[in-house]
1. What about F44, is it away from the ligand (no atom under 16 Å from the Cβ) and buried (at least 19 other Cβ atoms within 10 Å of the Cβ)?
2. Do we have any residue at all in the range 293-313 that's touching a residue at least 60 places away in the same chain (Cβ under 8 Å) and within 23 Å of the chain's Cα centre (by Cα)?
3. Here is a check on your reading of the model: is D250 in contact with a Gly (Cβ under 8 Å, 6 or more places away or on another chain) and either surrounded by fewer than 16 Cβ atoms within 10 Å (Cβ to Cβ) or not in a loop (DSSP other than H, G, I, E, B) (or both)?
4. Considering only the range 130-143, how many residues are more than 26 Å from the chain's Cα centre (by Cα) and either assigned by TED's automatic domain parsing to the domain that holds G13 or of a type in the set (V, I, T) (or both)?
5. On the basis of being within 13 Å of the ligand (Cβ to nearest atom) and of a type in the set (S, T, N, Q), does T106 make the cut?
6. Out of curiosity, is D330 on the phi > 0 side of the Ramachandran plot, surrounded by fewer than 17 Cβ atoms within 10 Å (Cβ to Cβ) and modelled with pLDDT of 95 or more?
7. Within the group K262, K324, which residue is surrounded by fewer than 19 Cβ atoms within 10 Å (Cβ to Cβ), of a type outside the set (S, T, N, Q), assigned to a helix (DSSP H, G or I) and more than 20 Å from the chain's Cα centre (by Cα)?
Amino acid sequence: MSLDEHDIYLVGGAVRDQLLGLPVKDRDYVVVGATPEEMAEAGFLPVGKDFPVFLHPESKDEYALARTERKTAKGYHGFAFNTSAEVTLEDDLARRDLTINAMAMTADGQLVDPYGGQQDIENKQLRHVSPAFAEDPVRVLRVARFMSRLAHLGFSVHPDTLQLMRQLVNDGEIEALVAERVWQEIKSSLNQETPSAFFETLRACGALRIILPEIDCLYGIPQTKMWHPEVDTGIHAMLAIDQAKNLDNDVAFAVMVHDLGKGITPQEVLPSHRGHEAAGVPLVKAVCRRFKVPNHYKKLAVLVCRWHLLAHTVMELKPETVEKLFARLDGYRQPKLVEKFIQACQADATGRWGEAFKRYPQANYLRNLFKAARNVDKQPLFAAGLQGRELGDAIRQLRVTAIQSKKQQLITSTS
Ligand code: CTP
């Protein structure tokens, strides 16, 4: 390889995460003073569409030519790039979003930190490198995601950076973001250490109202204190979202949207939210449509929104209703859906203030009833030659009976 080792630097997230003591995911490099032709001659594979980025022939790590950027139009693609060999490492670092992302490292581990990234790691600050931060609205989402990743370590957004984020919102730049890009950031934030920090940060700069008005409007809406000591529906949504951080991404998304119906409860019936489950379904579908959320996410989210109250009240339900719930969840064909549903309902139930809400015996209760219903022996029905509707009714009856006796058994074992 003819590229001079000294002109290659590790940059971005890898340097940041190494200094934070967090696991390093991707390793991105910047090459200073090289031309695309030299990169190709050295065996690198060109992949960039808008600007020259190359893959290392063996490691497949990304190597980009040092570049500067200039905003030319609204939105994600409205940039002009300069990748001439005169662009310095400092020029390249200056175009980056946050100081903690604008550090570079030489092959022998020396840090290049012209914009005070290390100091900001020490001060636990997410701070923009330059006013050019405001040239890219994706950065509003990125800062919010970094907050979901780092808030537990004590990080906050520098007030001047928050001001720039507000400016982007006020200039209408958030509307220019493509749905797929927004979805990527939402999706990834849901499984970070503090997912709620993503939404709180977007709310603090006014972007939540534009990106997810259905969640933004939950703030200030009261709920019954007996069931929700936190009262505010927005706070409940955040507590529930944090409870779901270790669950599968589709389950965490279902938790995120489970109470959207509470946002449209008529003023005069508050703080009760009777019927919010059915009212929420069209809103959940609209969010899924807007962000082109995968179908299996949507299916689970709609089920959780519509039926979560049945999980909470399962101990009082008739066996017929429980059987119908499992059927509605499509659990006999896709048992995993029942498990995901239970996990989402548990995050909702425990995502409230107060010790009283930390236990959720309904979860194992539901699991036991579902196991009983699923494992009924259908052979005798087939042997008796039952078919069609008659067979369906008989299977349902078997399941109801199995649920009934399992309930009895569970009551006796706990009394
Ligand atoms: N970057 C930027 N503005 C963006 C996107 C990226 O300034 N809108 C810069 C940052 O310096 C960032 C680097 O490009 O560190 C690499 O971006 P990316 O790989 O998307 O993210 P990372 O910061 O590496 O972090 P993560 O992989 O955790 O998203």
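The values are calculated or read from the model by the stated rules, or taken from the named source; none is laboratory data. All figures in this text were calculated on a predicted structure; none of them were measured in a lab. As a convention, Cβ positions derive from the backbone with ideal geometry for all residues, glycine included, and neighbour counts pool all protein chains shown.
1. Working: away from the ligand (no atom under 16 Å from the Cβ): yes; buried (at least 19 other Cβ atoms within 10 Å of the Cβ): yes.
The answer is yes for F44.
2. If we filter the range 293-313 for residues that are touching a residue at least 60 places away in the same chain (Cβ under 8 Å), which is where we start, we get 293.
Now restrict to residues that are within 23 Å of the chain's Cα centre (by Cα): 293.
Scanning the range 293-313, I find at least one residue that is touching a residue at least 60 places away in the same chain (Cβ under 8 Å) and within 23 Å of the chain's Cα centre (by Cα), so the answer is yes.
3. Details: in contact with a Gly (Cβ under 8 Å, 6 or more places away or on another chain): no; either surrounded by fewer than 16 Cβ atoms within 10 Å (Cβ to Cβ) or not in a loop (DSSP other than H, G, I, E, B) (or both): yes.
So D250 fails the test.
4. Looking only at the range 130-143, we keep the residues that are more than 26 Å from the chain's Cα centre (by Cα), and these are 130-132.
Cutting the leftovers down to either assigned by TED's automatic domain parsing to the domain that holds G13 or of a type in the set (V, I, T) (or both) gives us none.
Total satisfying the criteria: 0.
5. Numbers: within 13 Å of the ligand (Cβ to nearest atom): no; of a type in the set (S, T, N, Q): yes.
Spelling it out, it is not the case that T106 is within 13 Å of the ligand (Cβ to nearest atom) and of a type in the set (S, T, N, Q).
6. On the way: on the phi > 0 side of the Ramachandran plot: yes; surrounded by fewer than 17 Cβ atoms within 10 Å (Cβ to Cβ): yes; modelled with pLDDT of 95 or more: yes.
Criteria met by D330.
7. Details: K262 fails: surrounded by fewer than 19 Cβ atoms within 10 Å (Cβ to Cβ).
Only one candidate passes the filter, namely K324.
Okay, residues lined up against (1) away from the ligand (no atom under 12 Å from the Cβ); (2) farther than 21 Å from L10 by Cβ:
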{"position": "R70", "(1), (2)": "yes, yes"}
{"position": "A85", "(1), (2)": "yes, no"}
{"position": "A94", "(1), (2)": "no, no"}
{"position": "L111", "(1), (2)": "yes, no"}
{"position": "S130", "(1), (2)": "no, yes"}
{"position": "F133", "(1), (2)": "no, yes"}
{"position": "L141", "(1), (2)": "no, yes"}
{"position": "M147", "(1), (2)": "yes, yes"}
{"position": "S156", "(1), (2)": "yes, yes"}
